[in-house]
Amino acid sequence: MPAPSKTSRFPWQRLLWVLLALAIAAAVLWWRSRPPVVPGYKIETRNLVQNVVATGYVITPSRVQVASEITGTVVKRLVDRGAHVKAGQVLLELRADQTSAQLDQARAALRQLVEQSRPQAAAALAQAKVQVEQAERDLKRAQGVFDAGGGSAQQLEQAQTALRNARQQRDSAQAAYNAVAPGGAQQRVLEAALNAASAVNARNVVRAGVSGVVLARNVEVGDTVTPGQTLFTLAMDGATEILLPVNEQSIGNLQIGQQAQCVADAYPDRSFAAQVSFLAPQVDRTTGTLEVRLRVPSPPAWLKQDMTVSADIVTAQRRNTLVVPNDALRSVNGDQATVLVLRGGRAQAQQVKLGLQGLTLTQVVSGLSSSESVLAGNSVAPGERVQLQTLPLPSTAASSAASGNDLPMPGR
């Protein structure tokens, strides 16, 4: 049987090439006609928590500056930083040579009054009273002799004069004793001088005015201090608080009494509870923040002054509510927005009403139902055919803007 010629095989090879070209063209046309793949989400019901996250630091109700009232040289320092002191506790002592001498002098003067001047005045008064009694007896005898005609008028007059002098001396002795008597004028003067000397001498001892922790000390033994110079800084005992500067965009969500969870930068694996206790009456215009304070009812032992703390304040919660990711929301205006829903393979615009709004998820009050799919981003126009690439829903936390580091909530 004769072999086929080259001319008979050529048409079949050309046909194969034509078919291959047609297949490639068809594949290209099919690929170009495919709807684009667009990321999106399946709508679900979840528990939604709205919170405000901000960073601040630990503060105390008050810081007290301890200073000296006089100029002096430090001879003894009794506390250091970190020590807890009680109100009235001695913190340091100044050299007190001169004031101590003045105090000893005042004490000696009062002791001299009690031990010498008062007994001497009492003895003088008693002697003056005896002299008065003797003069009265002498006058009585002289009067009797004169009445009997046996004495002279001069003798009677001398007896009368002696009695007057004795009484004057008694009155003077009585006045002198009254001045030094217990509670008398001289004792009051000396006690006042003693109190003044004690007060001056007490200034050589610097005491804590309140109970608290020593945050700073600025003095050493041998230093010369002057009135008004800060020697110690005390953090007064009281409730521990967290001071937070919160972005003004979030203040509408904050209320006194809201709960918070806090974490210190130094101990990121440990959290503690706090509660909103204060909202400043005005916003700081330079930073656009509101001062918020959290009270820590049970501060951990490791929490120290001025520690940097991040706080997560829960401002609202919804249970088993329909949520939509924020990147699927379009034309947000207050509680109204538009989403693109995948229906029949095409993107369709749907008006929705929003509830609790946050940075990652927002509550849908109406306009969508569970198991529907919404498209993310703005790359698709309503009416286009699309294919869905399903993404997992973001975290259910709906954090509000805070501290100037977070993005504002949708529509705000």
Q. Counting only residues that are open to solvent by 40 Å² or more (accessible area, probe 1.4 Å), more than 17 Å from Thr230 (Cβ to Cβ) and polar (S, T, N, Q), how many does region 51-65 have?
A. 1
Q) Counting only residues that are surrounded by fewer than 19 Cβ atoms within 10 Å (Cβ to Cβ), touching a residue at least 24 places away in the same chain (Cβ under 8 Å) and not acidic (Asp, Glu), how many does region 259-269 have? A) 5
Q: Within region 360-397, count every residue that is at pLDDT 85 or above, within 22 Å of Asn320 (Cβ to Cβ) and over 48 Å from the mean Cα position of the chain (by Cα).
A: 2
Q: Evaluate region 118-129: report whether one residue or more is out of contact with any Phe, Trp or Tyr (no Cβ under 9 Å at 6 or more places or on another chain), open to solvent by less than 40 Å² (accessible area, probe 1.4 Å) and over 30 Å from Ser211 (Cα atoms).
A: yes
Q. Looking at (1) out of contact with any Gly (no Cβ under 7 Å at 6 or more places or on another chain); (2) loosely packed, with under 14 Cβ neighbours inside 10 Å; (3) on the phi < 0 side of the Ramachandran plot, which is the only condition Ala87 fails?
A. (1)
Q.
Could you tell me how many of the residues in region 183-202 are touching a Lys or Arg at 6+ places or on another chain (Cβ under 8 Å) and either farther than 14 Å from Arg107 by Cβ or open to solvent by 70 Å² or more (accessible area, probe 1.4 Å) (or both)?
A. 0
Q) From Thr321, Thr289, which residue is under 15 Å from Ala54 (Cα atoms) and of a type in the set (Ser, Thr, Tyr)? A) Thr289
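Test Ala280 against the criterion of being crowded, with 17+ Cβ neighbours inside 10 Å and either out of contact with any Gly (no Cβ under 8 Å at 6 or more places or on another chain) or not in a strand (DSSP E or B) (or both), and give yes or no. Explain how you work it out, then say what you get.
Numbers: crowded, with 17+ Cβ neighbours inside 10 Å: no; either out of contact with any Gly (no Cβ under 8 Å at 6 or more places or on another chain) or not in a strand (DSSP E or B) (or both): yes.
For Ala280, the condition - crowded, with 17+ Cβ neighbours inside 10 Å and either out of contact with any Gly (no Cβ under 8 Å at 6 or more places or on another chain) or not in a strand (DSSP E or B) (or both) - is not met.
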Q: Please indicate, with yes or no, whether at least one residue in region 200-211 is polar (S, T, N, Q) and assigned to a helix (DSSP H, G or I).
A: yes
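Name the single residue, out of those in region 310-336 being of a type in the set (Gly, Ala, Ser) and in contact with a Ser or Thr (Cβ under 6 Å, 6 or more places away or on another chain), that is most open to solvent (accessible area, probe 1.4 Å). Steps first, answer last, please.
Here is the first cut: in region 310-336, the residues of a type in the set (Gly, Ala, Ser) are 310-311, 316, 328, 331, 334.
Checking the rest, the ones that are also in contact with a Ser or Thr (Cβ under 6 Å, 6 or more places away or on another chain) come to 310, 331.
Numbers: Ser310: 42, Ser331: 98 Å².
Restricting to residues being of a type in the set (Gly, Ala, Ser) and in contact with a Ser or Thr (Cβ under 6 Å, 6 or more places away or on another chain), the top hit is Ser331.
The values are calculated or read from the model by the stated rules, or taken from the named source; none is laboratory data. Here the structure is a predicted model, which means the values were calculated and not measured. Every residue, glycine among them, receives a Cβ derived from its backbone with ideal geometry; neighbour counts consider all protein chains shown. Keep in mind that these areas ignore ligands, DNA and RNA; they rest on the heavy atoms of the full protein, side chains included. Shrake-Rupley method; radii C 1.70, N 1.55, O 1.52, S 1.80 Å.
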